[in-house]
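These notes are about the structure you will find just below.
The values are calculated or read from the model by the stated rules, or taken from the named source; none is laboratory data. Just so we're clear, the structure is a prediction, and the values are computed from it rather than from any experiment. Note that we place each Cβ from the backbone using ideal geometry, even for glycine, and neighbour counts take in every protein chain shown.
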Amino acid sequence: MDKYIINGGGRLEGSVRVQTAKNSVLPILAAAVLTDEPVTVLNVPDITDVRNMVKILACLGCKTTYSGNDLVIDSSSANNCEIPRALAHELRSSVFLLGSVISRFRRAKIAYPGGCDIGIRPVDLHLTGLKRLGVNISEKNGYIECQCDKLTGNEIMLDCPSVGATENIMLAAVTAKGTTIIKNAAREPEIEDLQNFLNSLGAKVVGAGTGSVVVEGVEKLGGSVYQPISDRIEAGTFLIAAAMCGGEVELLGVNAENLSSLLHKLRENGCKLRIKNDKIYIRSDRRPVSVKSVETQPYPGFPTDLQAQMTALCTVCCGNSIITENLFETRFKYVPELRRMGADITVVDRSAFVRGVEKLRGATVVAHDLRGGAALVIAALAAEGNSEVLDISHIDRGYAGFEYKLSSLGAKIKRVGI
Ligand code: UD1
């Protein structure tokens, strides 16, 4: 497994282009199964989650070809509605395929999904929603088996605004007979992106981005060439890295609107921010000031996917901070690793109490999940001396060319295979 060797303590300077959003691309690739006509997704990031999704599409019988970074999916030859355990375990987003596979074949069999080990990640809301559309579901031997004669639109009230459940139900509803209304839907920008993509295929979806998504079923979908939105979590990671290491960084191709909750906190930290069109410029000259309290919430609240990176930043702030994780229960696995670097953090239940220290020091640390791993990398960049971040395959799931982009900002980071 590869590791990063990082020589920290330097400032970050330069500009970096933000990748296409992982959390948009994955459900869009799943949605490509819905149509017989070719779909081209532009600027697909080269991350393991996408590679695994492409493997799953191939297993379903779809043809996938790359033209540069653009991915063409031809699902006309799709002929399999079963996703085996080994593939589903590689990727939590395999669960999105339930909605699109059931819509295409009226049958689906998928092993329980994998993904980051950040707590119990149930799929009950996905299944309840699909049942409301007329799908019969049985669960045996670690597989979810779905079958229906037809899909019929219905009103579905989600107990909590789950991103995945909202997307899965949208995917099943686009070809259902009649109208589906998803209430208490998640409002993440990636859901609006999925809506726009589905509509580009000829679907009739409105309301994404609000708590109520309305899908009017259509008989058939066509093809499309589509550019998904940029990755707000990758962008946020670079902004936090700049705040933590100090320096001047410009992000290109980013939607600042989707990052409001983070930008608000970074201003509280004392960073200077300038936003112009699709660029965000950040300058951090002094030791950041603590933000007192950060609580993760569904969008537009502070994203759970930036919680670890934000905690890393708080470790070197002037003053104390409390970070509360409200979405996933075991998302503090990186904390003992940060402590090895000299961070002063105590976790009680869902909150991390952080007392800012002047400097972190280099150490050997282990990445346990995607975002926690990214947090360790930026902490190592800010720390004095050398660090090693082990098990970086977790980071490869979501950040394309992370070390190249950081190196272009002057970071001293290199990947070593072990
Ligand atoms: C998506 C994102 C992930 C992000 C998360 C929250 C993708 C590929 N992943 O994950 O990066 O961290 O949103 O913003 O887009 N829940 C249930 N039952 C369900 C489904 C969810 O109880 O059937 C709960 C979860 O345990 C969690 C909360 O709902 O506490 C939010 O989860 P959800 O929004 O579904 O996250 P994901 O779609 O898995």
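The rows are residues; the columns are (1) basic (Lys, Arg); (2) surrounded by 23 or more Cβ atoms within 10 Å (Cβ to Cβ); (3) over 26 Å from Val316 (Cβ atoms).
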| site | (1), (2), (3) |
| --- | --- |
| Lys220 | yes, no, yes |
| Gly223 | no, no, yes |
| Ala235 | no, yes, no |
| Met244 | no, yes, no |
| Leu273 | no, no, no |
| Arg286 | yes, no, no |
| Val289 | no, no, no |
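From the list Leu26, Leu60, Leu34, Leu71, which one is more than 19 Å from Asp305 (Cβ to Cβ) and in contact (Cβ under 8 Å) with a residue 60 or more places away in the chain? It would help to see each step written out before you state the result.
Working: Leu26 fails: more than 19 Å from Asp305 (Cβ to Cβ); Leu60 fails: in contact (Cβ under 8 Å) with a residue 60 or more places away in the chain; Leu71 fails: in contact (Cβ under 8 Å) with a residue 60 or more places away in the chain.
Of Leu26, Leu60, Leu34, Leu71, the one residue that is more than 19 Å from Asp305 (Cβ to Cβ) and in contact (Cβ under 8 Å) with a residue 60 or more places away in the chain is Leu34.
Here is a list of conditions, (1) closer than 30 Å to Tyr399 by Cα; (2) at pLDDT 95 or above, and Gly142 meets all of them except one; can you say which number that is?
Gly142 satisfies all of (1) closer than 30 Å to Tyr399 by Cα; (2) at pLDDT 95 or above except (2).
Of the numbered conditions (1) modelled with pLDDT of 95 or more; (2) not in a strand (DSSP E or B), Ile418 satisfies every one except a single condition; which is it?
Condition not satisfied by Ile418: (1).
Go through the residues of the range 273-281 one by one and say whether even a single one is away from the ligand (no atom under 16 Å from the Cβ), acidic (Asp, Glu) and either modelled with pLDDT of 95 or more or not assigned by TED's automatic domain parsing to the domain that holds Glu250 (or both).
Within the range 273-281 (the criterion being away from the ligand (no atom under 16 Å from the Cβ), acidic (Asp, Glu) and either modelled with pLDDT of 95 or more or not assigned by TED's automatic domain parsing to the domain that holds Glu250 (or both)), the answer is yes, since at least one residue qualifies.
Scan the range 316-375 for residues that are part of a strand (DSSP E or B) and among the acidic types (Asp, Glu) and report the count.
The qualifying residues number 1.
Regarding Tyr112, is this residue surrounded by fewer than 21 Cβ atoms within 10 Å (Cβ to Cβ) and within 16 Å of the ligand (Cβ to nearest atom)?
Considered against the rule, which asks whether it is surrounded by fewer than 21 Cβ atoms within 10 Å (Cβ to Cβ) and within 16 Å of the ligand (Cβ to nearest atom), Tyr112 comes out as yes.
Go through the range 388-418 and give me each residue that's touching a Gly at 6+ places or on another chain (Cβ under 7 Å) and more than 13 Å from Ile5 (Cβ to Cβ).
Matches in the range 388-418: His394, Ile395, Ser408, Leu409, Gly410.
Looking only at the range 170-214, count how many residues are surrounded by 18 or more Cβ atoms within 10 Å (Cβ to Cβ), part of a loop (DSSP other than H, G, I, E, B) and more than 22 Å from the chain's Cα centre (by Cα).
Qualifying residue count for the region: 5.
Under the condition of being more than 20 Å from Leu42 (Cβ to Cβ) and hydrophobic (A, V, I, L, M, F, W, C), which residue from the range 184-207 is nearest to the ligand (Cβ to nearest atom)?
Ala186
Quick one: count up the residues across the range 152-170 that are away from the ligand (no atom under 16 Å from the Cβ) and either touching a Cys at 6+ places or on another chain (Cβ under 8 Å) or of a type outside the set (D, E, K, R) (or both). Please lay out each step first, then the result.
Of the range 152-170, the ones away from the ligand (no atom under 16 Å from the Cβ) are 152-155.
Add one more test, that the residue is either touching a Cys at 6+ places or on another chain (Cβ under 8 Å) or of a type outside the set (D, E, K, R) (or both), and what stays is 152-154.
Within the range 152-170, residues that are away from the ligand (no atom under 16 Å from the Cβ) and either touching a Cys at 6+ places or on another chain (Cβ under 8 Å) or of a type outside the set (D, E, K, R) (or both) number 3.
Just the residues that are more than 16 Å from the ligand (Cβ to nearest atom) and either within 20 Å of Arg361 (Cα to Cα) or in a helix (DSSP H, G or I) (or both), please, taken from the range 286-315. Explain how you work it out, then say what you get.
In the first step, residues of the range 286-315 are kept if they are more than 16 Å from the ligand (Cβ to nearest atom); the result is 286-293, 312-315.
Passing the criteria: Arg286, Arg287, Pro288, Val289, Ser290, Ala312, Leu313, Cys314, Thr315.
Just one of (1) within 11 Å of the ligand (Cβ to nearest atom); (2) part of a loop (DSSP other than H, G, I, E, B); (3) farther than 30 Å from Asp278 by Cβ trips up Asp149, so point out which.
Checking Asp149 against (1) within 11 Å of the ligand (Cβ to nearest atom); (2) part of a loop (DSSP other than H, G, I, E, B); (3) farther than 30 Å from Asp278 by Cβ, the one that fails is (1).
Looking at Ile395, is it more than 16 Å from the ligand (Cβ to nearest atom), outside any strand (DSSP E or B), in contact with a helix residue (DSSP H, G or I) (Cβ under 7 Å, 6 or more places away or on another chain) and β-branched (Val, Ile, Thr)? Can you show your working first?
On the way: more than 16 Å from the ligand (Cβ to nearest atom): no; outside any strand (DSSP E or B): yes; in contact with a helix residue (DSSP H, G or I) (Cβ under 7 Å, 6 or more places away or on another chain): yes; β-branched (Val, Ile, Thr): yes.
Taking the combined requirement at face value, the residue does not satisfy it.
For the range 326-356: of the residues being of a type in the set (D, E, K, R) and without any contact (Cβ under 8 Å) to a residue 12 or more places away in the chain, which is nearest to Ala367 (Cα to Cα)?
Looking at the filtered set, the residue picked out is Arg339.
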